[in-house]
Amino acid sequence: MRGDLVRKLLARVLTTGLAVLAFLVVALTGATGWGLAIAVAALAAAAWERRIRPSADGVAESVLVAAGILVGYARRLDAGFDPALAATALVLLGLVLLVGPLRDAGALEIRAANLPVRSWTPLVAARLGDALLVLLAVVALAAGLALPAWVALVAALLVGAGCGVVGLDLARRRFRPTAGGGPVGRALRRHQPEFVLYFSAPPGSEYQVTMWLPYLERIGRPFMVLLREPEFLPAVAAATRAPVVFCPTLKTMDEALVPSLRVAFYVNHGAKNSHCIRFSQLTHVQLHHGDSDKAPSANPVSAIFDRIFVAGQAAIERYARAGVEIPAEKFVVVGRPQVEAIEVRREPARGLTNPTVLYTPTWTGHHADANYCSLPVAETVIRRLLDRGATVILRAHPYTAQNPASARQLARLTELLAADRAKTGRGHLWGAAASRELSLTECVNRSDALVSDVSGVISDYLYSGKPYAVTDMGADGAQFVERFPLAGSGYVLRRDMSNVDEVLTELLDTDPKGADRWATRTRYLGDFPAESYAEAFLGAARRQLEADWNPPGARAAQDGSPLAPVT
């Protein structure tokens, strides 16, 4: 997260500094060519800042760059007052002032994928800032080549015409909305979705949705995905055939949540979940995006949902252990369908030669009490594994790069693995090869044992029956297993790594807890037949869609009328 802050600050300094420098060089010196070159550099910096800060306000910088370019243009032409250049200046000024408000207005419009509608206005509005930067670069190029001013004027008028069309369409949508809702709402009514997967999360969290999409599709009922952040739209839409809708405002949610909906599924405890919970006609079901003994897995906010789907009895006990009182009837044990393809090994792991070990460090978390990350001490573990002839699959948490220290520690581990692979030829995997080219299930199936932090990966790995070690990164000592019961069937690595050799011997050679894992497996992942394991979730989800399973609440009386939110 500190790394993001540094990049944003650097982008701001570059954009502002280069814009000021470009104007001063052109206005106060005779180095017009250098001034125009610096102006182009300022535009490039602004484009970079827009990528890492989409909401960045660059009006002042754009005015300075435009002014510098126009002054340089006038000097290059050296023809006195040029009406075309003056008109270009007026158009550029208007565009600089209008692009931001038009972009913001377009960002308030509903957008959709996998629906037979084409809503071009919000997409074009989102690109107007980029169009302005390109236009200024074109004008700077025309100035540098001393082209006639009408060339710049034509380019400015073309962009201005596009802005005008976008502005008129946005005004029509706002002040003269179409009767019966917009095209997205009408398409959703025709689609008749019976349930919605609602999602809001920080960037990089789309895995929370994509892990559930195959199972939601297997329910066999029409559904939709509703997103609250636009950056998720392309990735989620590519992962499903169901309609995916981005709703930036509560008003657009009113349009998207059509009357045919009965159930809303959630995969996290995001703050914006409350925007959907207000629709009391829906049955609200929390799925979670993993099962672990982490503190967030017993979040008191879970109590607001009508149903809480959990993997096993251990999850219910976890809430009770944390002092979170939730009525028993809200819990539904459905297993963890994502583990159905994991290969099961029933024999204890004893005397493994040249084992493959999966290492899955978690991230540092938002708060200190949720920091279970073992990366600060991981080098010792990796070196000991290499000494034992192990092949390592290093699969880090998607949020690891948000912490610069974690990113550096992870880079050090990849250097170790790369050096060992070059020396021994062992097929270590890391980076994209372990996190994008392979699924977690494939990583589990390739491995003989797991080293992990307190995280949901351990619950998934437990299904395989293979041994695992858990890092104790706190100061819990003897209370570690009490706080994190899943560690009781694994081998606990102390923070100071004083028992690393002992733990690796148990993990890879003797495996004394092989029998204990099967009882733990039932408590954490349910007792469902392997050949139909996912049916527990599918059956429970289908039951929620039956009319008599909905919570009390008056459904809209007329067909086609919108759902009524709680006020």
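The values are calculated or read from the model by the stated rules, or taken from the named source; none is laboratory data. All figures in this text were calculated on a predicted structure; none of them were measured in a lab. Here the Cβ is made from the backbone with ideal geometry for all residues, glycine too, and neighbour counts use every protein chain on show. The protein model used for the area step is the full one, side chains on, heavy atoms only, and it has no ligands, DNA or RNA in it. Shrake-Rupley method; radii C 1.70, N 1.55, O 1.52, S 1.80 Å.
Among residues belonging to the range 497-529 that are among the charged types (D, E, K, R) and more than 33 Å from the chain's Cα centre (by Cα), point out the one that is least open to solvent (accessible area, probe 1.4 Å). So, considering only residues that are among the charged types (D, E, K, R) and more than 33 Å from the chain's Cα centre (by Cα), the one least open to solvent (accessible area, probe 1.4 Å) is ASP511. The condition of being under 25 Å from ASP57 (Cα atoms), aromatic (Phe, Trp, Tyr) and open to solvent by 10 Å² or more (accessible area, probe 1.4 Å) holds for only one of TRP150, TRP120, that being TRP120. Of all the criteria given as (1) surrounded by fewer than 21 Cβ atoms within 10 Å (Cβ to Cβ); (2) without any contact (Cβ under 8 Å) to a residue 60 or more places away in the chain, the one not satisfied by THR391 is (1). One residue stands out among those in the range 96-117 that are aliphatic (A, V, I, L, M) and surrounded by 18 or more Cβ atoms within 10 Å (Cβ to Cβ): the one that is farthest from VAL159 (Cα to Cα), which is LEU115.
For the range 15-35, what are the residues that are open to solvent by 70 Å² or more (accessible area, probe 1.4 Å) and within 18 Å of LEU133 (Cβ to Cβ)?
LEU21
Here is a yes/no grid of residues against (1) more than 30 Å from SER439 (Cα to Cα); (2) touching a residue at least 60 places away in the same chain (Cβ under 8 Å); (3) under 18 Å from the mean Cα position of the chain (by Cα):
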position	(1), (2), (3)
GLU206	no, no, yes
THR210	no, no, yes
LEU227	no, no, yes
VAL245	no, yes, yes
ASP254	yes, yes, no
ASN273	no, yes, yes
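The helices (runs of 4 or more DSSP H) falling completely within the range 51-156 that include 2 or more residues that are out of contact with any Ser or Thr (no Cβ under 9 Å at 6 or more places or on another chain), modelled with pLDDT of 90 or more and among the small types (Gly, Ala, Ser) map to 59-77, 83-107, 128-144.
Please tell me if PRO296 is modelled with pLDDT under 90 and open to solvent by 50 Å² or more (accessible area, probe 1.4 Å).
When the stated conditions are applied, PRO296 passes them.
Can we say GLU49 is acidic (Asp, Glu), open to solvent by less than 40 Å² (accessible area, probe 1.4 Å) and more than 28 Å from the chain's Cα centre (by Cα)? The answer is no for GLU49. As a summary of the residue check, ARG542 satisfies the conditions (1) of a type outside the set (Gly, Ala, Ser); (2) over 18 Å from ARG346 (Cβ atoms); (3) not in a helix (DSSP H, G or I) except for the one numbered (3).
Residues of the range 73-95 that are of a type in the set (A, V, I, L, M) and either in contact (Cβ under 8 Å) with a residue 12 or more places away in the chain or open to solvent by 40 Å² or more (accessible area, probe 1.4 Å) (or both): ALA74, LEU77, ALA79, ALA84, LEU85, ALA87, ALA89, LEU90, VAL91, LEU92, LEU93, LEU95.
Selection of the range 8-39 for residues being hydroxyl-bearing (Ser, Thr, Tyr) and over 32 Å from the mean Cα position of the chain (by Cα) yields THR29, THR32. If you go through the range 311-334 and keep only what is open to solvent by less than 30 Å² (accessible area, probe 1.4 Å) and either touching an Asp or Glu at 6+ places or on another chain (Cβ under 7 Å) or farther than 16 Å from LEU486 by Cα (or both), you end up with ALA311, ALA315, ARG318, VAL324, ILE326, PHE331, VAL332, VAL334. Taking the criterion of being more than 14 Å from LEU70 (Cα to Cα), assigned to a helix (DSSP H, G or I) and among the β-branched types (Val, Ile, Thr), the residues of the range 14-42 that qualify are THR15, THR16, VAL20.
One residue stands out among those in the range 479-496 that are open to solvent by less than 60 Å² (accessible area, probe 1.4 Å) and assigned to a loop (DSSP other than H, G, I, E, B): the one that is nearest to THR362 (Cα to Cα), which is PHE484.
None of ALA45, ALA11 is touching a residue at least 40 places away in the same chain (Cβ under 8 Å) and either in a helix (DSSP H, G or I) or in contact with a helix residue (DSSP H, G or I) (Cβ under 7 Å, 6 or more places away or on another chain) (or both) except ALA11.
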